[in-house]
Amino acid sequence: MSPQRNADAPHGLTRREVLKGAAAMGGLALCLRESGRIVLASQAPVYGVAAEPGGAVDNPLVFVAIHPDDTVTITVHRPEMGQGIRTSLALVVADELEASWPRVRVAQAPADQARYGNEDTDGSRSMRHFFEPMRRVGAAARMMLESAAAARWGVPVGEVTAEHQEVRHHGSDRRLSYGELAAQAARESVPRREQVRLKSPAQFRYIGQRNTRLADGADIVCGRAAYGIDTRLEGMLYAVVARPAVLGGKVAHFDAEAALAVPGVVKVVEIPSYPPPPQAYPLGGVAVLARNTWAAIKGREALKIRWDEGPNRRFDSRQFGEVLERAVRNPGKAVRNDGDAMAALRGAGRRIEAEYYLPFLAHASMEPPAATARIVDGRCEVWAPVQDPQGTRDLVTGLLGMKEADVTVHVTLLGGAFGRKSLGDFAGEAALLSKAMGGAPVRVTWTREDDIRHDYYQAAALEHLEAVLGADGMPLAWLHRSASPTEDATFTAGAEGEDSSEYGMGMINIPFRIPNIRLEVPGVPAYARIGWFRSVYNIAHGFAIQSFLDELAHAAGRDPREYQLALIGPARRIDPRTLSDQWNYGESPTLYPLDTGRLRAVIERATHEAGWGRSVPKGRGLGLAATYSFMSYAAAVIEVEVGAGGKIAIPRVDIAFDCGPQVNPDRVRAQLEGACIMGLTVAKHGEITFGDGRVLQSNFDDFPVMRISEAPRDIRLHLQPATFEVPLGGVGEPGMPPIAPALCNAIFAATGRRIRRLPIGQQLKTS
Amino acid sequence: MPLTLRINERSVPVEAAADTPLLWVLRDELGLTGTKFGCGIGLCGACVVHVAGQPVRTCVTPVAAAEGKPITTIEGVAHDRIGRVVQSAWLALGVPQCGYCQAGQIMSVVALLRNTPQPTDADIDAAMAGNICRCGTYARIRAAIHQAARQLREEP
Ligand code: FES
Ligand code: FES
């Protein structure tokens, strides 16, 4: 059977649910089909891209078009949200194709996983899953060009070589450009997968090199780059929507008279609310459609709406904090149990206990959600900045009651996403409104207030840790309870407790040499839409575990670096299943073991480069944290200066990073720089709270994000070298988790104050 | 009401209520979508253009306030040498990630370099703190500003 999205599944079925579904299929194996699609066939577990809906496609005819003018169009099927994937995947194809990068144009695939393979861009998977398929795409196309040239010249194909946008005949030095060969090459048969000859890494022209021109750079600096919010169609109406402030609320009654009196307002339309769970459905509410965005905004202000707020109207962050506390202070079911931690915690030794809190977080991508739809002759077209194009297509198909073939989703650039745009509720709104307007083109724009108040939030978490230290100061027992609403609740009403992919993010797979370990994930309800925020549950787990290690080291009177290295122990490759980690980010446990040697190495590198142990002026301190996530290893050393009134300055950050080989090292660096800033925002500022069921924040004044004036000026990145024998790790997310704990550990070193609740906010303000 | 705006060295007639923010006139009426919406209340800088040479936040600037004054948007910033130098520094250092904030960043930088050709880091903080980049490109923005300033100094 094929790993296609199940037509009966709820719209917007998530990657992680699909993974669970794949596991439930009872063990399946890979076989390769002629058409270039990898499909599931028999009886063994399936990992990596083969377990993703749509799998991988490596047919060059799908991705490469060579034109008579000697330009090359490479189609990229993964959405671009700032990670640079349109550049990086295209340069992989171009390299194997021997195309000249300046002649390459990049096209964006529409939503069509049957044709392009998996398009759902999350989990830091794009390069990890598509490096090899895209190499084969380029190499196969190169071989087709060589066959075409050999046929043209009537010489054996072994006598010709494609190089730098032309094919050359060795014997005669005749040459043909790619453009001259284009038509003929397209008629050549596609080489079978096992016949495709890849380059050796030594022959790479672009892969692994720096300074590759960004595919969209010139458009961005000229203001030509088109995001979801920029779509303009003839006769388009501009919509903004008044949504229920409380999740699950509905319109009880509305009066549109004043709104319709606003000049430019054309129509007011109610959007139905869907029964829970929220999934990717629009939230419902009342839409104002107008001739321009401003009129729509003014019209919305003039609406009079009475809401039926429903069962979540009392949700309050303070009370929820108590729910979390109760959850972590009572014993629960273990998801990992080595030895007998509970007995050991009652035994001899010094007992340390701490709790760490991460609040709800909003993504606040600079482009708020926005999408455009129109329906012509029974066919719907959507333009949307979505991370999961096929999920959006399925959603719109279901909402409109159409056939999939009649729904096209064009993927625009995403003005940031960070997980928010994995779910296309806003595109669903555009489709419903276009339908309500008889198919007229409608663009829905979310204001910043809409974005902050109606996000799919990163779940708040309370992490409870206990340890007992032996005579040498090393832990004899470790208890960790993590209480956080599960993202599953967005798809399954009433779901509670982190699932295996959630505690799988940096909690279960601690590689520490501790004889007694007990890990629990008590259930707590979700009253808000829970989603994924860059590195997801790794944020809370990494903050708690890496802070607690620092606390243990200080309690033991030992250096935190030396303490963590001792706890990790010698270099070894650990099968994640032996750590009770059955998930392993969906990757094979043999291909991707947890390599403590690599973890040690990033800690050693970051601390060495940062001058760990150097003396710093009073008020300054260095903090260390190291995490393994998305198959990559990251360690950060942050130097902090805490000044008068608790003001935090960050003179320097050192990050060592091992993602295996770097396909586009400059974009790896860019992602680490970005993750550092975003991680610092989480540490210092980010907090979403609820009162009377409502989100209490609304814009960048009450949900501040880091600005240039407080950003560290000196971020030093240390990329670990690796050959292409090493399987690729993720890049977009794994830079996040070590940042907040490294900062808080530095603050402790500088001041003796331990931060256990994020954000730091005003906590350092001395009284 | 009918108004005439002078945008990127052209005169363009528009029809808009006097209090409509310039942002929406540029984006919705004139199709100049390079200028971005980020917050709508003057907090993020995504919507910065130049009006009479000064950087302004168009989300909180009524269109009537810009009437008759020369307006430069990101689409016209290359008319000016500083603009071109800044754009090329941005490309050379690979500043953009998602790119959404970058039009506003570039408009703020061009204004900074016009007034302060050799900005210090403190000048950069002061001039650029109003421009949010959620992707976190600040280190490269700073480096690109210094590079552009150097180039403007060396090749006047
Ligand atoms: S949109 Fe104008 S400052 Fe944010
Ligand atoms: S580059 Fe994405 S917000 Fe700045």
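Derivation of every value follows stated rules applied to the coordinates shown; laboratory data play no part. In this text the structure is predicted, and so the values were computed from the model without any measurement. Cβ sites come from the backbone with ideal geometry, for glycine too, and all protein chains shown count toward neighbours.
Among beta bridges from DSSP that stay inside region B:2-72, the antiparallel ones total about 85%. Between region A:599-633 and region A:196-255, what's the alpha-carbon centroid distance in Å? Cα centres, region A:599-633 to region A:196-255: 35 Å.
Taking GluC sites (Glu not before Pro) as candidate sites, keep only those in a DSSP loop with at most 16 other Cβ atoms within 10 Å, then name the longest stretch of chain A containing none of them. Could you put the intermediate results ahead of the total?
Details: sites that count: A:Glu34, A:Glu234, A:Glu725.
Answer - A:235-724.
Here is the result for region B:57-156: no chymotrypsin sites (Phe, Trp or Tyr not before Pro) lie in DSSP coil with at most 11 other C-beta atoms within 10 angstrom of their C-beta. Please identify which residues in region A:709-744 have an amide N closer than 15 Å to a label point set 7 Å out from the Cα of A:Arg757, following the Cα→Cβ vector. Flagged as within label range: none. Can you give the FRET efficiency for A:Ala107 and A:Arg326, using 1/(1 + (r/R0)^6), R0 = 56 Å, r = Cβ-Cβ distance, to the nearest 0.05? Using R0 = 56 Å, I get an efficiency of 0.55. Other residues within the sphere of radius under 13 Å centred on the Cβ of A:Gly732, judged by their own Cβ, net out at +2 (K and R +1, D and E -1). Computed from Cα positions, the angle between helix B:102-115 and the longest principal axis of chain B comes to roughly 70 degrees.
Only helices enter this figure: runs of n ≥ 4 DSSP H residues, each worth -39500 (n - 2.57), summed and divided by the residues of chain B, yield -10500 deg cm²/dmol at 222 nm to the nearest 500.
Can you sort A:Val640, B:Val56 from fewest to most other Cβ atoms within 10 Å of each residue's own Cβ? Intermediate results must be reported in sequence, preceding the final value.
Values: A:Val640 27, B:Val56 21.
Exposure proxy ranking, most exposed first: B:Val56, A:Val640.
Remark: the protein assembly as shown carries a charge dipole of roughly 1000 debye about the Cα centre, counting +1 on each Lys and Arg Cβ and -1 on each Asp and Glu Cβ.
Cross-link pairs exceeding 27 Å in C-alpha to C-alpha distance, out of A:Lys298/A:Lys435; A:Lys250/A:Lys435; A:Lys304/A:Lys684; A:Lys765/B:Lys36; A:Lys250/A:Lys684, comprise A:Lys304/A:Lys684; A:Lys765/B:Lys36; A:Lys250/A:Lys684.
For region A:215-344, the relative contact order comes to 28 percent (Cα pairs under 8 Å, sequence separation of at least 6).
Taking every C-alpha pair closer than 8 Å and separated by at least 6 residues, the mean separation divided by the residue count of chain A gives a relative contact order of 13 percent. Helix B:138-154 and the long axis of chain B differ in direction by around 80°, with both axes built from C-alpha atoms.
How much length, in nm to one decimal, is gained on full extension between A:Ala44 and A:Asp406, taken as 0.36 nm per residue of separation minus their Cα-Cα distance?
On the way: separation 362, 0.36 × 362 = 130.32 nm, distance 3.63 nm.
Answer, rounded to one decimal: 126.7 nm.
Cα axis of helix B:81-92 to longest principal axis of chain B: angle in degrees, 0 to 90, nearest 10? Taking Cα atoms only, the helix is inclined about 60 degrees. Centroid-to-centroid, using Cα positions, region A:486-507 and region A:671-714 are 24 Å apart.
Loop-located trypsin sites (Lys or Arg not before Pro) in region A:548-646 (DSSP state other than H, G, I, E, B) with a sparse environment of at most 10 neighbouring Cβ atoms within 10 Å: A:Arg614, A:Lys618. Taking the Cα-to-Cβ direction at A:Leu61 and at A:Glu562 and moving 7 Å from each Cα, how far apart do the two end points lie in nm? Going from the A:Leu61 label point to the A:Glu562 one covers 6.6 nm.
If you take the Cα centroid of region A:412-441 and the Cα centroid of region A:55-105, the two points sit 27 Å apart.
Taking the fewest neighbouring Cβ atoms within 10 Å as the starting point, the ordered list for A:Trp532, A:Trp101 is A:Trp101, A:Trp532. Given axes a ≥ b ≥ c from the Cα gyration tensor, I'd like to know whether the protein assembly as shown is rounded (a/c under 1.5), prolate (a/b larger than b/c) or oblate. Since a/c stays below 1.5, the shape of the protein assembly as shown is classed as rounded.
Residues with beta-carbon under 10 Å from that of A:Ile85, excluding A:Ile85: net charge, scoring Lys, Arg +1 and Asp, Glu -1?
+2
Which whole-number percent gives the relative contact order of region A:317-410, counting Cα pairs below 8 Å spaced six or more residues apart? Intermediate values should be presented prior to the final figure.
Working: 51 pairs, mean separation 17.1, N = 94.
That works out to 18 percent.
The simple spin-label model puts a point 7 Å past each Cα toward its Cβ; for B:Ser11 and A:Glu725 those points are separated by 7.3 nm.
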